[in-house]
Amino acid sequence: MVVQMKNLEDAISDMKNGKYDFTKDGECIQCGACCSNYLPMTKREVARIHKYIKDNNVREYQHLFPVAKEVVDMTCPFMDDSKLKEKCRIYPVRPEICRQFTCKADKKPFKMKAIRYEVVDVRKEFFGE
């Protein structure tokens, strides 16, 4: 599904002014734009994901076909963008930031709990280099 906007300049202007909404009628459109390779996670979340990918034989998803060595895939390796729905391959054990994330400005933003989060290079942590 593709979100159509008036034009790119308007979208950029809206985002700079704190106004953004990439939903359709307030619902997620499964675009995957929120899925990053760098995410804050707890050690417990990392351990739970390691177990899940081992138990379910989850493989890394490559989003780009590098044409040069300098090209780096910055999208979460668990996001399968070949599907229209249920794109997250680790959905049942996804990190808290993924559970709380919203791309609709009028919803509450992510609230970090009073526990230790570390920014994780997801691809490197779960699939090596």
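The values are calculated or read from the model by the stated rules, or taken from the named source; none is laboratory data. Since we're looking at a predicted model, the values are computed, not measured. Neighbour counts are summed over all protein chains in view; Cβ atoms, including those assigned to glycine, are modelled from backbone coordinates with ideal geometry.
Condition check ((1) modelled with pLDDT of 90 or more; (2) surrounded by fewer than 17 Cβ atoms within 10 Å (Cβ to Cβ)) across all residues:
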{"site": "ASN37", "(1), (2)": "no, no"}
{"site": "ASN56", "(1), (2)": "yes, yes"}
{"site": "LYS69", "(1), (2)": "no, yes"}
{"site": "LYS85", "(1), (2)": "no, yes"}
{"site": "ALA114", "(1), (2)": "no, yes"}
> So how many residues does the stretch 118-128 have that are touching a helix residue (DSSP H, G or I) at 6+ places or on another chain (Cβ under 8 Å) and either modelled with pLDDT under 85 or in a helix (DSSP H, G or I) (or both)?
Replying inline: 2
> On the given criteria, is LYS51 out of contact with any Cys (no Cβ under 6 Å at 6 or more places or on another chain) and at pLDDT 95 or above?
Replying inline: yes
>> Within the stretch 36-66, take every residue that is part of a helix (DSSP H, G or I) and among the basic types (Lys, Arg) and give me the one that is nearest to LYS83 (Cα to Cα).
In response: LYS54
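In this structure, does PHE110 turn out to be under 27 Å from LYS24 (Cβ atoms) and modelled with pLDDT under 70?
So PHE110 passes the test.
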